[in-house]
Amino acid sequence: MGTVERFAKSHGPADVNAMAKPVLAVLRGRRQEQVPIWLMRQAGRYLPEYRALRREAKNFLDFCFTPDLALEVTLQPIRRFGFDAAILFSDILVVPHALGQKVSFEEGEGPRLEPLRSAGDLARLSTDGFVGRLAPVFETLRRLKRELPPSVTLIGFAGAPWTVAAYMVEGRGGTGFAAAKAVAGANPAWFATLIDLLIEQTVLYLSAQVEAGAQVLQLFDSWAGDLTGPQRRIWSLEPLTRIVMALKTRHPETSVILFPRGSGEDYAEYAKIPGLAGLSLDSAVPLDWAASTLAPRVALQGNLDPALLVSGGEPMRETAMKILETLGRGRLIFNLGHGIVPETPPEHVSELVELVHGWRG
Ligand code: CP3
């Protein structure tokens, strides 16, 4: 029996094509001769073609909810750089929006939400028709599935409950989420109701993304680092465990990646979640520790500092090589430790893709 047949036998005939998708193959257990690469926030303001298209939508949410625009903007970095994965163009805050919370994105200021503080605020969230209100996202995925080159993996995503709840309670970012942490500490039953609601709805949302064509799902817990000790376990690790287990029950063929940014040694706890395929490492995670402690359990993604992609040159190349030399002989998907920033010169991205694709372990 050849490799393709063996793969078809273990994963089902519909998945034979997955052999040709390096990102999916790494997540399913097979290291690749050529390390695959995609970058968080690969579609965005650092690209002139993104800025041009962005002007066509009246606001950022409309941009996300217009399949013609979201499709095009997802494809832009694939065409320009030849990334191995496309991540759906949307935002983690479409979930609170679809639950009926007021969400807006102010130019140069980031997201603004009408903060949720009381039991009454929670009761006003509406889960009826929640998935239906996100229909344009699924339309974008269905069209992406048809248009992407066969080697490119299609990634869907959502925010993790803690990170989304933090925005919902705080009303904005950039504050260290003091109000959200205060509420979680002072009124844990209230906060748990919100987290439970987000767990449930996020499973529905991500399942619908899989049904529309997403092959991999990434959960962004970008503010996991703001929690410490038992708080991180309760509000980040446990909710994510429940989501991963629910998704693997519904869609065993789908690979799930978690990004518990800033969680330090607790990365080892996330690595133990049953059925988890991959962990996305922030730039502070020590590479040798990741190789010895995390790599035996899950595929790793990361973790070049986005600031090095801005400055480029020898420091960028040296650090990228260090990542490849330490993790590239295992199951590695090259990425950044956090999203690309708008100041990034696109030429540095081209150089990085060439370096990663040219490396052989
Ligand atoms: O990665 C991609 O290319 C896919 C699209 C994507 C966006 N946001 C588009 C976006 C993804 C995966 C996200 C996730 C997201 N959104 C996270 C988790 C990842 C991370 O970066 O930590 C978070 C915390 C958000 C919330 C959010 N959305 C913030 C804080 C901001 C403002 C900050 C900023 O970068 O402007 C956004 C807006 C946003 N989301 C933009 C983009 C391209 C910029 C908006 C614009 O074009 O005007």
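The values are calculated or read from the model by the stated rules, or taken from the named source; none is laboratory data. As the structure is a computational prediction, the values presented were derived from the model and not from experiment. Backbone-built Cβ (ideal geometry, glycine too); neighbour counts: all protein chains shown. Side chains are part of the model used for accessible areas, which takes the heavy atoms of the whole protein and leaves out ligands, DNA and RNA. Shrake-Rupley method; radii C 1.70, N 1.55, O 1.52, S 1.80 Å.
Checked against (1) closer than 25 Å to Glu114 by Cα; (2) open to solvent by 20 Å² or more (accessible area, probe 1.4 Å); (3) in contact with a strand residue (DSSP E or B) (Cβ under 9 Å, 6 or more places away or on another chain), Ala182 meets all criteria but (3).
Return yes when Leu194 is open to solvent by less than 10 Å² (accessible area, probe 1.4 Å), more than 14 Å from the ligand (Cβ to nearest atom) and not acidic (Asp, Glu) and no when it is not. Answer is yes for this residue.
Taken over the range 55-95, the criterion of being in contact (Cβ under 8 Å) with a residue 12 or more places away in the chain and charged (D, E, K, R) is satisfied by Glu56, Glu72, Arg80, Asp84, Asp91.
Among the residues of the range 20-43, just one is on the phi > 0 side of the Ramachandran plot and either surrounded by 18 or more Cβ atoms within 10 Å (Cβ to Cβ) or near the ligand (Cβ under 9 Å from one of its atoms) (or both), namely Arg41. Taking the criterion of being away from the ligand (no atom under 15 Å from the Cβ), under 23 Å from Phe220 (Cβ atoms) and small (Gly, Ala, Ser), the only residue of the range 320-355 that qualifies is Ala320. For Asp266, the stated conditions hold: it is modelled with pLDDT of 95 or more, more than 18 Å from the chain's Cα centre (by Cα) and of a type outside the set (Val, Ile, Thr). Considering the range 68-141, the qualifying strands (runs of 3 or more DSSP E), each wholly inside and each with 3 or more residues that are open to solvent by 30 Å² or more (accessible area, probe 1.4 Å), run over 103-106. Scanning the range 209-244 for residues that are in contact with a strand residue (DSSP E or B) (Cβ under 9 Å, 6 or more places away or on another chain) and either part of a helix (DSSP H, G or I) or of a type in the set (Gly, Ala, Ser) (or both) yields Gln209, Val210, Ala212, Gly213, Ala214, Ser222, Ala224, Leu240, Ile243, Val244. Test Ala284 against the stated conditions and say whether it is farther than 30 Å from Asp196 by Cβ, within 16 Å of the ligand (Cβ to nearest atom) and at pLDDT 95 or above. Yes.
Select from the range 55-67 the residues that are touching a helix residue (DSSP H, G or I) at 6+ places or on another chain (Cβ under 6 Å), open to solvent by 20 Å² or more (accessible area, probe 1.4 Å) and either near the ligand (Cβ under 10 Å from one of its atoms) or among the aromatic types (Phe, Trp, Tyr) (or both) and list them in ascending order. Once the filter is applied, which keeps residues that are touching a helix residue (DSSP H, G or I) at 6+ places or on another chain (Cβ under 6 Å), open to solvent by 20 Å² or more (accessible area, probe 1.4 Å) and either near the ligand (Cβ under 10 Å from one of its atoms) or among the aromatic types (Phe, Trp, Tyr) (or both), the range 55-67 yields only Phe65.
Reported count of residues in the range 271-290, each being over 14 Å from Gln301 (Cα atoms) and either buried (at least 19 other Cβ atoms within 10 Å of the Cβ) or in contact with a His (Cβ under 7 Å, 6 or more places away or on another chain) (or both), is 1.
Residues in the range 86-102: is at least one closer than 30 Å to Lys145 by Cβ, more than 9 Å from the ligand (Cβ to nearest atom) and of a type in the set (D, E, K, R)? No. Would you say Ser90 is within 24 Å of Val256 (Cα to Cα) and hydroxyl-bearing (Ser, Thr, Tyr)? When the stated conditions are applied, Ser90 passes them. Just one of the listed residues (Ala180, Ala224) is modelled with pLDDT under 95 and within 16 Å of the ligand (Cβ to nearest atom), and it is Ala180. Of everything in the range 142-151 that's in a helix (DSSP H, G or I) and either touching a residue at least 60 places away in the same chain (Cβ under 8 Å) or closer than 27 Å to Leu194 by Cβ (or both), which residue is least open to solvent (accessible area, probe 1.4 Å)? Step by step, filter the range 142-151, then rank; the result is Leu144.
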